[in-house]
Amino acid sequence: MIRSLLKILIAAILLGQAIAEDSTLWYAQPAEKWTEALPVGNGRLGAMVFGGTTSERIQLNEESLWAGCQAEGIAPDYAKHLAEVQRLVLADKRKEAREYGEKHLVQSPTSFRSYEPLGDLMLEFGSDAEISDYRRELLLNDAIARTTYRAGDATITREVLASAPDDVIAVWVESNQHGSLNFSVRLTRAKNAVITHKGSNGLHMDGQIIDLTKEQGGKEPNSGGSGPGGKHMRFASRLVVITDGGSVIPGGSGSLQIKGASSALILLTAATDYNVEKLNFDRSIDPAAQADAILAKAEKRTWKQIRQNHIEDHRSFYDRFSLDIGPLDKTLAAKPTDARLQAVKQGADDLGLTVLLADYGRYLLLGSSRKPGRLPANLQGIWNDKMWAPWEADFHLNINIQMNYWLAPVTGIPETFDPLYDWFTPLTGRGRMAAEKMYGSDGWVSFHATNPFGRVSPSGSNTSSQFMNGSLDPLCGAWLAAQLFDAWQFKPDREKLESLYPILAGASEFVLDALVECPDGKLRIVPSTSPENQYIDPVSGEQLRITAGSTYHNTMVRAIFDATVQAATILDTDEAMLQRIAAAKLKLQPLQIGEDGRILEWAEPYKEAQPGHRHVSHLIGLHPFDQITRDTPELFAAARKTIDGRLAHGGAGTGWSRAWTISFFARLGDGDTAYHHCLELLRRSTATNLFNLHPPFQIDGNFGFTAGVCEMLLQSHCRDDKGNTILDILPALPESWSEGSVSGLRARGGCSVDMVWKDGKLVSTVLSGGSQATPMLVRYQNTSRLVTLKAGESITLQGPALK
């Protein structure tokens, strides 16, 4: 045992050395485009660092700075008109059902306004000295963006971090030549803000978003309307400059002039009057006072203290997980990140870049979803430079926000769920209003797109989109609820489950009310859809997306029912709900396989309008849920044919879809194909700064990539015939990952898993128990072993035989 632990310790030391060598994004030139800049974030404040030498741009975000206000789009007499749509669908009059729904189940505003940037922090150096030895880098271990270069004879070092302990963005500028720093600092924002001086070394930004409707001359990209105009979110930012030597004086155009300093510390924070409990702005909140208080506390600390506290805090999360999938290619590793990415795009296989991108996903989630943040990661995490972002940078609930959090439980950072809970819990409260008004249900409902203001009615850029993407998909919120229960299984806690159960039960209550008994006696969601996809209607010949009981919805009904039943059983509560769910499950449509051997997406084997569509929602039973496994061999084989068919027609064309495909093949046990799609994501859907591209930038692919890599190494979604969690060790190891190690993987049941492998074979596995004793079936290839892992205990299993 001692010898085994020593081997693992040595492997961990070597792994730590390898990670230290290859956990940095770096570049030999400043960023010219936003997708070349480097992100820092503390969950609430975000910044994109360009690394300029003459002029440095640091683009700023505050997570709650959104245009708009609370506004719903619920059609009058929704329940009455819904009944007519249901009648038409069940009468096979699908085109007529769509036309009726697009007329009667829509209401302006069909959408909402966008997440907005806070502004820019500009540092103007104005030097004409020759620049040499330039390097721009992002240290993932430390969460610091650093720029170094020589300007003439002086060596300039700048570091930017977003501190969670101090809730500030801190910028450190230093020269190795005493008293040689001369530059200006400016805060700018395109609109709705006033910049003023505060004393000799401070800047204040104070503003309020003024939304204008199209009729008032405002921007309106959503033809169905984005909500009323008016004076909406209030916000404030505060900045102070502290120098070593020299002076700071107010300058023109709202700037500060630093002269003759050896170093300068710039501290910036911001606040809004957003209240997450109300899902609205709250006029009792003074954002200026909040920002003042945060800054007053932070400026009492030195740069050394801020930096050290920040690093210790970040590493307390980041260092929980480490990964090595083979020896570094030192030639590739020595190149700048953009050169490495280009080499992969030209056919190289860079194992180190794969690990770097997997680690980057964890880094980005920690930067965009943790305390002091109060909102979950949106479509762009927390980083956005546009006054009207693509898709409003909203919270998309038909896979995107779910994918944002797939990596969190398996890499051991459950704290990233805290802002999601903070927002989602009151959202489900608003969802009860919508469920009662639209469906006469006592549960809650939320559709595919929402925002910090808790929109719970169907959304879309126009009335057609509102109906087809919104009204036809009332189970998106239930999907997120079921995923929260799945995440809970990685760190079981009774008190947490008690707070989650009302959300689960409310989702199941809605589903029970929404299910329609069809002429064949089956219960289905009617009308139904498969997200954003279409088929060729055999009657009208038109492209439609309306049906009765899509496979996606049938699967989702089972998923939320299963989560609710498991939770209620653990808590020993709600027997009435258990009985109602049991009765309903007897009437659910099972998953269907078509004559071509693929899983049917729609109620019938309709001709596909886009056989390579990015959404593969009829396979949510394979991943992220557990309804298609090796224990259901016919469905398992059909799932493989389904994804192969999608890919044969150009599927996985977006970054997030490619990331999902990695997890599909991991669940199918095909490591080589899973890794092929890791490389394809790098080659086709990755920006210079390693942001995922839909295109444009969309962060879910970054998070989904990390989750997919983890899924290749460990799976725990299956149970044996006695209900024990099965730990599948290295279930989809690619041939090219012939040796490596991983530590800090988490499994359902609450245990941590460390592994070492060599020559493609398992060398050792260490299981560490959570807070309670847990029986688990450990499975590696064709070998399995039942172990009972006591709370706080570690068990080492040797070799492929798991001895």
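Inter-part distance, segment 739-803 to segment 668-728, computed on C-alpha centroids, equals 21 Å.
Per residue, the accessible area of the chain comes to 35 Å², computed with a 1.4 Å probe over protein heavy atoms only. Largest first, the extents of the alpha carbon coordinates of segment 161-270 on the three principal axes equal 59, 33, 22 Å. Segment 172-195 and segment 372-441 have Cα centres lying 35 Å from one another.
Across the cross-link table entries Lys585/Lys722; Lys95/Lys214; Lys496/Lys790; Lys300/Lys386, which are compared at the Cα atoms, the separations over 28 Å belong to Lys95/Lys214; Lys300/Lys386.
Measuring max minus min along each principal axis, the C-alpha atoms of segment 62-101 give extents of 50, 19, 13 Å (largest first). Taken about its Cα centre, segment 458-528 carries a charge dipole of about 140 debye when Lys and Arg each add +1 at the Cβ and Asp and Glu each add -1 at the Cβ. Accessible surface for Asp153 stands near 110 Å², nearest 10, in the context of the full protein assembly shown (1.4 Å probe). Each Lys or Arg adds one and each Asp or Glu subtracts one; over the other residues with Cβ under 13 Å from the Cβ of His676, this totals -3. Ranked by the mean number of other Cβ atoms within 10 Å of their residues, highest first, the peptides 739-750, 787-798 come out as 739-750, 787-798.
Within straight-line reach of Lys297, meaning a Cα separation under 22 Å, sit the following lysines at least 8 residues removed in sequence or on another chain: Lys198, Lys371. For the pair segment 584-627 and segment 531-578, the centres of their Cα atoms are 11 angstrom apart.
When only Cα pairs below 8 angstrom with a gap of at least 6 residues are kept, segment 205-316 shows a relative contact order of 22 percent. Residues whose amide H comes within less than 5 Å of that of His448, counting only those at least five positions distant or on another chain, are Ser459 (H built at 1.01 Å from N in the peptide plane). Ordering Asn309, Gly373, Tyr360 by Cα displacement along the dipole of the chain toward the positive end leaves Asn309 in first place; charges were set at the Cβ atoms of Lys, Arg (+1) and Asp, Glu (-1). The 3J(HN,Hα) values that the Karplus relation (6.51, -1.76, 1.60; θ = phi - 60°) gives for segment 127-141 are, in residue order, 8, 9, 5, 5, 9, 8, 6, 7, 8, 10, 8, 10, 8, 5, 4 Hz. Gly and Pro appear as x.
Considering all C-alpha pairs of segment 15-171, those separated by over 18 Å amount to 70%. Its convex hull of Cα atoms gives segment 127-202 a direction-averaged projected area, equal to a quarter of the hull surface, of 7.6 nm². About its Cα centre, the chain has a charge dipole of approximately 360 debye under the convention of +1 per Lys or Arg Cβ and -1 per Asp or Glu Cβ, with nothing else charged.
Here segment 190-326 is assigned +1 on the Cβ of each Lys and Arg and -1 on the Cβ of each Asp and Glu. Its dipole about the Cα centre then comes out at about 300 debye. When the C-alpha to C-alpha distance is required to be over 32 Å, the pairs from Lys345/Lys607; Lys522/Lys607; Lys80/Lys219; Lys335/Lys491 that qualify are Lys345/Lys607; Lys80/Lys219; Lys335/Lys491.
Which of rounded, prolate or oblate describes segment 524-680 when judged by the alpha-carbon gyration tensor and an a/c cut-off of 1.5? Can you show the working numbers first?
Details: a/c = 2.14, a/b = 1.29, b/c = 1.66.
It comes out oblate by the Cα gyration axes.
Applying the Karplus relation 6.51 cos²θ - 1.76 cosθ + 1.60 with θ = phi - 60° to segment 793-803 yields 3J(HN,Hα) values of 8, 10, 10, 10, 10, 9, x, x, 7, 6, 7 Hz, where x marks Gly and Pro.
For His178 and Thr54, what is the calculated FRET efficiency with R₀ set at 25 Å and r taken between the beta-carbons, to the nearest 0.05? It comes out at approximately 0.65.
In the list (1) 161; (2) 177; (3) 266, the label attached to volume of the Cα convex hull per residue in Å³ as derived from the coordinates here is (1).
The values are calculated or read from the model by the stated rules, or taken from the named source; none is laboratory data. This one's a predicted model, so the numbers in the text were calculated from it and none came from an experiment. Heads up, the Cβs are rebuilt from the backbone with ideal geometry, glycines too, and the neighbour counts pull from every protein chain shown. Please note that ligands, DNA and RNA were not included when accessible areas were found on the heavy atoms of the full protein model with its side chains. Shrake-Rupley method; radii C 1.70, N 1.55, O 1.52, S 1.80 Å.
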